1. Exposure proxy check: B:348, A:53 ranked by fewest other beta carbons within 10 Å?
2. Quick one: which residues, 5+ away or cross-chain, put their amide H under 5 Å from the amide H of residue B:66? H built at 1.01 Å from N.
3. Below 9 angstrom from the Cβ of residue B:181, what's the summed charge of the other residues (Lys, Arg +1; Asp, Glu -1)?
4. In sequence order, what are the phi-derived ³J(HN,Hα) couplings for the stretch B:317-328 according to the Karplus relation 6.51 cos²θ - 1.76 cosθ + 1.60 with θ = phi - 60°, rounded to whole Hz, with x for glycine and proline?
5. If you take the beta carbon distance between residue A:12 and residue A:143 as r and set R0 to 35 Å, what does 1/(1 + (r/R0)^6) give as a FRET efficiency, to the nearest 0.05?
6. What fraction, in whole percent, of alpha-carbon pairs in chain B exceed 32 Å separation?
7. Considering amide H positions built from the backbone, and no H for Pro or chain starts, which residues 5 or more places from residue A:163, or on another chain, come under 5 Å of its amide H?
8. Report the calculated FRET efficiency for residue B:93 and residue B:266 (r = Cβ-Cβ distance, R0 = 22 Å), to the nearest 0.05.
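Please treat every number below as a calculation from the coordinates, not as lab data. All values reported here derive from a predicted model rather than from experimental measurement. We place every Cβ from the backbone using ideal geometry, glycine too, and count neighbours over all the protein chains shown.
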Amino acid sequence: MQVRGLRKTYTMGTNKVHALAGVDLDVRPGELIAIMGASGSGKSTMMNIIGCLDYPTEGSYTLDGIRADTLSKNELADIRNQKIGFVFQGFNLLPRTTALENVELPLLYDRSPGKKKTKELAKEALSMVGLGDRVDHVPSELSGGQQQRVAIARALVTKPAIVLADEPTGNLDSKTSVEVMDLFQTLNDKGITVLLVTHEHDVAEYAKRIIELKDGKIIRDQVQEQRRAADVAATMPTDGVLA
Amino acid sequence: MRASNLIKVAGKSIVKNKMRTLLTMLGIIIGVGAVIVMVAVGDGAKSQIERQIQNLGTNMLVITPGSSSAGGVSRGAGSFNRLKLEDAEKLRNESMYLSAISPVVTTFTQAVGPQGNWRTRINGVDVDYPLIRDWPVSSGSFFTAADVRQRKKVAIIGATVAEELFEDDDPVGQTIRVRNVPIQIIGVLAAKGQTAEGTDQDDVILAPHTTVGTRLSRWNFVSQILASTSSPGDIPAAQEEMKVIMRESHGLAAWEADDFEIKNQAELTEAAAGTTEVMTLLLAAIAGISLLVGGIGIMNIMLVSVTERTREIGIRMAIGARGTDVLTQFLIESIVMSILGGAVGVGLGFAGAQILGNVMGWQTLVNTDTVMVAIVFSAAVGIFFGFYPARKAASLNPIEALRYE
């Protein structure tokens, strides 16, 4: 994934707001990147453009060898379907719809030729996130962490080039947050490219590379030699076991 | 997205939101149900009237006196009676198409029987009359040509007259008095019921026209001449032929207008069916309006549903639904709901028509055409009123839709 000279300008009345003021970014396959920044730093705008939900005002964006900034709306929809997996802060699962059907949904919108076994693929993705036994549960029967894992399975089911996670732990408590980050790390170890947007330093430290945005520009691009291990046990109450 | 998947997605959405689906369908259910019931009532009335007209007789042609004019002032139909027994005789002798002919000499008078007396219509007719009117006797027999020639004092009475003059006794063989003339009853007509206008057809006494014209009445008042052809296809030709013979019989010059009118069964049927047609149309229009209101109801709920489902639409778009996918999904949802509503409406309408028929004693008739039209129309309503909300859903910006609370 390659971004060059990316700009996005919103016009509000007579004022022009530069949400992104020239961003260059390269993401190689297999990276786990955290994009940080305060609100208004442009990280959401960047996420929208990388997620093919929005067009840049200027600059180029290439994803998996495809120039996304020149595509039509329908082509962008197909790119979102096949190349990008979304994970949102609010889970965004369809209510009254089972985990399996939620995960299956992106496959139903797949226009690429060849018939796919959508149910099997969805089950596979759910097993990957450790919810193989929860396929028939509807979101209201699942905990927050489980719902987010269903959402991650939905993002993975199409085998996308990149998984975009927008504040994936924003609605979760610290313990489940660690579990979700652990899941991202595990998936990343299997070679899946993950790009997450967060404003929490804690969360960002799980990434291999941290990019910080301010006023629409990258002010820090740092590779972490030693990413923080998502040690689930460390957050457990010790209860004197180690003592 | 494949069509099968789209239908699957839309179907799931309908099934998973039962309350919303039901509310949306309600308007169409009531609309279609109303159409079915209304048209059933209208069609029932129409078929009833048509059957009553069929009751008048088969392939029947009726000659009635026409209007006469004096000094350019029209005096209206029947103002000058120009039908004569000779007309009937001439028709019988000269016509090629007519298979049966009977003059009708009418008088109104009091008839006195053993159990009571009754003012009724006495029709002096010929032997062909039961054939033309398709009206058999239920007991006894009709008079013969010899009876007509000999001016026999015999009569056949209608069911109402039999009831009034004889109550439960068998009238055949008994004698009644009409204008002090004893008349022997030789038969009773099968009950025929009322005409479309409400006249009791059974309230009549039939006697040879010779008897009525000479013994019961002072003049031969021929109110009509009835005739029939052996097949319906002959009616137009017969009508033309009758006109020529009648003009000749009345000695009309070429420049003179007809002083008689010839009507056939089809015209009578059309006239009566025309009135019920108007009624059916009116009922259908009222029901159509309720279907339209149902359609607007669908649009209303679909629009609310688009707003309520903004986030869902955002999710679908984020995971790769094109605008057309969302449009098609919403359109399929509204079409499926309207067709489903239409089907339920047809069922309820059918039941409603039956119940109304039984409770009110009306004849109702549900025909397949109405059902087809109602279902096609409800699908059209689904497309028409589903399109605007669907387009609204499809044109949502995914970023804003995802942010929508």
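1. B:348, A:53
2. Distant-sequence amide H within range of residue B:66: B:78, B:82, B:260, B:261.
3. Here the count lands on +4.
4. Karplus-based 3J(HN,Hα) across the stretch B:317-328 equals 5, 4, 8, x, 6, 7, x, 5, 4, 5, 4, 5 Hz.
5. Approximately 0.30, to the nearest 0.05.
6. 57 percent
7. A:85, A:193, A:194, A:195
8. In this case the efficiency is close to 0.25.
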